[in-house]
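To start, the structure itself, in structure tokens.
The values are calculated or read from the model by the stated rules, or taken from the named source; none is laboratory data. Note that this is a predicted model, so its numbers are computed, not measured. Here the Cβ positions follow ideal geometry from the backbone for every residue, glycine too, while neighbour counts run over all protein chains shown.
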Amino acid sequence: MLVGIVLAAGLGKRMNSKRHKVVHEVCGKPMIEHIVDEMLAVGFDRLFVVVGKLEEQVRAVLGDRVEYIRQTEQLGTGHAVMTAAPYLPEQGTVVVLYGDCPLVRREEIARLLEAVKDDAGTAVQTAVVDNPYAYGRILRDARGDVSRIVEEKDASSEQRQIHEVNSGIYAFSIPSLRASLEKLSRDNAQGEYLLTDCIEHIRRTGERIFPVVVADPDDIANVNDRIQLSYVEEKLRKRILLRHMQNGVTILDPAATYIQADVVIGRDTVLMPGSFLEGNTILGEDCVIGPNTRIKDAVIGDGVTIESSVILTSSIADRAAIGPFAYVRPGSVIGSNTKIGDFVEIKNAVIGEGTKVSHLAYVGDSDVGKGVNMGCGVVTVNYDGFRKHRTIIGDNSFVGSNVNLIAPVTVGAGGYIATGSTITDDVPEQAFAIARERQTTKPDYANHLRLRLKNLHESSTGRSSGKE
Ligand code: UD1
Ligand code: CA
């Protein structure tokens, strides 16, 4: 039986935040979710999270993917594990780690487990770092095993010179962890029950403690304050960029490209500077994104171009051309081979295959068919001050420039709406609708008008200057 325990009961005071430390995002994803995702990928039979104050914030992120244990008083990392001990099975292996180390990797957890297989003993993940400050230091014996972990505050000046530190990830056999927890005391500089002291107690029973040194020391970075938060953000951001480039995505300027943790991108897609890809966005192959484009929670097909635009919670099918300066708001479904041009806003609307909304338009709460031409300045008037209404436009219709469609209204397939019309009534299939004043033209009237306006102007300025 393989069990995991993530400690997340401490608030993280040094974050100086109203939010629990572990729900702060790294590359758009809560820290604790990074950790839980990695652990679940390794495959735990049961996964516990120890929570304390603000536990509702942790639950809101993790839901029922894990089991929760409450530590009502935060008396140290050892105490947090004591709180969890009654929930552990009699036998098996338990991996313990902390909720503030978002760069942990599944491969490294697997490596730790490899070290303790067949009940070989206990394993501690360690790292050799340039600046060991604040980490527990690893003391080794002649054989190379870990003999003790000494916390910064308890370390002698000699021990503080040690650069091998405790990552805070351990694999224990459950019976020996249980026995060692009973021996913990608060007799240390912090006055807490320290999980790190279990190592020494286990060791005293004759069990071996294996150090497993991580390949990349950045993996163990923990977040205690916002400076460390920005550090892990930068590290993870670079890792994500690297992964996409290795997978065949061209990124012109990685320093100016932001891709959140769970974004998926197809091969031969090109990201121009100022691309922000967020949330659960999925991008197809051969797209060109940016410059200066934000895409959040959207599904984008193949061969799509999106320039200087914002796309939120929508889908865009193959070979659509979006922007520059388009705003696609949540709930939009944009078909293949469409064009959504400059200064166009689409909201909660379906845009059929091959339809063009090329410039300066607002299409909201609408179902627009295939092959439609929406002219410059078309507005779907969806809101009467109380409720939103839908506009329906059939396939292959033509909506002239500057048309207002007062919803609810339907234009049948193949309809033709004259420029400048304000459409209040449904237009049947194949019908032509015009709804505007007829033009009046007066021959030779222009100069006469100018004269009249001039006189009007002079008489009014004469009066106001009081020269009469
Ligand atoms: C801890 C380790 C240190 C290691 C470092 C790695 C101990 C005593 N020290 O130090 O050796 O190098 O992590 O990052 O373990 N927590 C609880 N309940 C408590 C106290 C803490 O759940 O009563 C949780 C916190 O929410 C946090 C985690 O345990 O997620 C670690 O606590 P923290 O205070 O950050 O430990 P460090 O000082 O970083
Ligand atoms: Ca910490």
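Does the range 1-19 hold any residues that are crowded, with 20+ Cβ neighbours inside 10 Å and within 10 Å of ligand 1 (Cβ to nearest atom), and which are they?
Answer for the range 1-19, where residues must be crowded, with 20+ Cβ neighbours inside 10 Å and within 10 Å of ligand 1 (Cβ to nearest atom): ILE5, VAL6, LEU7, ALA8, ALA9, GLY10, GLY12.
Please tell me if ASP395 is assigned by TED's automatic domain parsing to the domain that holds ASP365, modelled with pLDDT of 95 or more and surrounded by fewer than 11 Cβ atoms within 10 Å (Cβ to Cβ).
Against the criterion (assigned by TED's automatic domain parsing to the domain that holds ASP365, modelled with pLDDT of 95 or more and surrounded by fewer than 11 Cβ atoms within 10 Å (Cβ to Cβ)), ASP395 does not qualify.
If only one of LEU7, LEU47 is within 15 Å of ligand 2 (Cβ to nearest atom) and under 23 Å from LEU194 (Cα atoms), which one is it?
The match here is LEU7.
With within 41 Å of the chain's Cα centre (by Cα), in the same structural domain as LEU112 (by TED's automatic domain parsing) and away from ligand 2 (no atom under 16 Å from the Cβ) as the only criterion, which of SER180, SER167, SER185 stands out?
The unique qualifying residue is SER180.
Give the residue that is nearest to the chain's Cα centre (by Cα), with candidates limited to residues of the range 126-142 that are buried (at least 21 other Cβ atoms within 10 Å of the Cβ) and hydrophobic (A, V, I, L, M, F, W, C).
Selected residue: ALA127.
Output yes when any residue across the range 104-122 is in a strand (DSSP E or B) and either within 16 Å of ligand 2 (Cβ to nearest atom) or within 18 Å of ILE202 (Cβ to Cβ) (or both), and no when none is.
yes
Condition test on ASN247, is it over 15 Å from the mean Cα position of the chain (by Cα), within 16 Å of ligand 1 (Cβ to nearest atom) and of a type outside the set (Phe, Trp, Tyr)?
Judged against the criteria, ASN247 is not a match.
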